[in-house]
Amino acid sequence: MADREAARANNLETSFNLGSINKFFTQIAIRQLAAAGTLNIDSSLARAWPDYPNADIARKVTIRQILEHRSGIQGNIFGTPPGKTRHDVVTLTDYFQLFADQPLQFEPGSRQQYSNAGYIVLGLLIERLSGENYFEYINKHIYEPAGMTQTGSWRVGRWPQNTAVGYTTRTGEGTAQGGEGAPLRRNTDLLPGKGSSAGGGYSTAHDLLRLLNALRAHRIPQAPEPGMIGIAGGAPGLNAAMEGDLRGGYDVIVLANLDPPAAERVARLIREALSGDRP
């Protein structure tokens, strides 16, 4: 059900929260700017962003390290600004303020550790170098060439009419999932005011298929082939998974408005069936 209280069912045109799948679009945007000569992926953050608030971090970290989650930039982008609510986190700058004063968690390049904060930095870098709002850039350079007309980031509560409400058994970001039979509740209070370059945008099954077809047709500069894609995103009340060019020429797109691994579990079962690992 897209909305259990209203008894509204999901369908192929329902918009779902993609979680961290949005990082894929951020990666493409950074590589487009690099191909245009606007930035050097292997240069320091300081070279691309001379007045970055923490000069020591900017000097040590490279753009590639941020892309690959090896920068050491960390921070809780799921936090709440002092005296405000999660719904007040709307712009990339709002997200950045949640961790801007945090030191590096490890020496850049010394290890890999997933970093939502790093992708907020990349989103702000896209804005600075392109002169466009991050969401406008992604729409113009990725969504439009792919024909993704039902994909975007919207303010909480202002979603398209056919949008899936998230349902979770958790009480907060990062908390343990409730046991079997735990009551489901709407995840609206846990959502930020708007998604970001690290995640939280919305799309439909058909639009994601259009994306994979656009990658096959090379309509999006600097994007990988569908066969190189195996991505997922998840948070309380949302889970999404997408893989391209599996055995038999199949693409797999699974969207769920439930806690992880609701969608990833289904995607895995399909992948195993296509590969012959499951009867």
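Of T169, T204, the residue with the largest accessible area leads and the full order is T169, T204 (1.4 Å probe). The solvent-accessible area of F25, taken with every protein chain present and a 1.4 Å probe, is close to 0 Å².
A Cβ-based charge dipole, computed about the Cα centre of segment 72-208 with Lys and Arg at +1 and Asp and Glu at -1, lands at about 300 debye. In terms of accessible area, using a 1.4 Å probe and ignoring ligands and nucleic acids, R64, R265 rank largest first as R265, R64. Oblate is the label for segment 36-192, because the ratio a/c of its alpha-carbon gyration tensor axes (a ≥ b ≥ c) is 1.5 or higher and a/b is not greater than b/c.
The alpha-carbon of K84 sits under 24 angstrom from the alpha-carbons of these lysines, leaving out residues fewer than 8 places away in its chain: K194. Computed over the chain, the quotient of the alpha carbon radius of gyration and 2.2 N^0.38 Å is 1.00. Take 117-124, 2-9 and order them by the average number of nearby Cβ atoms within 10 Å per residue, most first; the result is 117-124, 2-9. Each Lys and Arg contributes +1 and each Asp and Glu -1, all at the Cβ; summed about the Cα centre of segment 177-279, the dipole is approximately 180 debye. Under 5 Å from the amide H of R8 lie the amide H atoms of A2, D3, each residue being 5 or more positions distant or on a separate chain, with H modelled from the backbone and absent for Pro and chain starts.
Classify segment 221-279 from the C-alpha gyration tensor, please: rounded if a/c falls under 1.5, else prolate or oblate depending on whether a/b exceeds b/c.
oblate
The 1.4 Å probe gives accessible areas that order I63, I253, largest first, as I253, I63. With the cut-off at under 14 Å, measuring from each backbone N in segment 29-45 to a point 7 Å along the Cα-to-Cβ line of E225 picks out no residue. Secondary-structure-derived ellipticity at 222 nm for the chain, considering helices only, amounts to -8000 deg cm²/dmol, per-run term -39500 (n - 2.57) for DSSP H runs with n ≥ 4. The Rg/Rh ratio for segment 93-177 is 1.03, where Rg is the radius of gyration of the alpha carbons and Rh is the Kirkwood radius.
Anisotropy class assigned to segment 1-104 is oblate, per the alpha carbon gyration tensor with a/c at or over the 1.5 cut-off and a/b no larger than b/c.
Structural size metrics of segment 181-279, computed from C-alpha coordinates, are Rg and Dmax of 15.1, 46 Å.
Apply the Debye scattering formula to segment 50-139, with a single equal point scatterer on each alpha-carbon and no solvent, then give log10 I(q)/I(0) at q = 0.26 Å⁻¹. Debye curve over Cα of segment 50-139, log10 I(q)/I(0) at q = 0.26 Å⁻¹: -1.37.
Across the chain, the relative contact order, built from alpha-carbon pairs under 8 Å that are at least six residues apart, equals 24 percent.
Relative contact order for segment 22-118 using alpha-carbon pairs under 8 Å, separation at least 6, rounded to a whole percent? Across segment 22-118, relative contact order equals 28 percent.
The values are calculated or read from the model by the stated rules, or taken from the named source; none is laboratory data. Note that the structure is a prediction, hence the values are computed from the model and not measured. Here the Cβ is made from the backbone with ideal geometry for all residues, glycine too, and neighbour counts use every protein chain on show. For the accessible areas, the whole protein counts, side chains as well, though only heavy atoms, and no ligand, DNA or RNA atoms are used. Shrake-Rupley method; radii C 1.70, N 1.55, O 1.52, S 1.80 Å.
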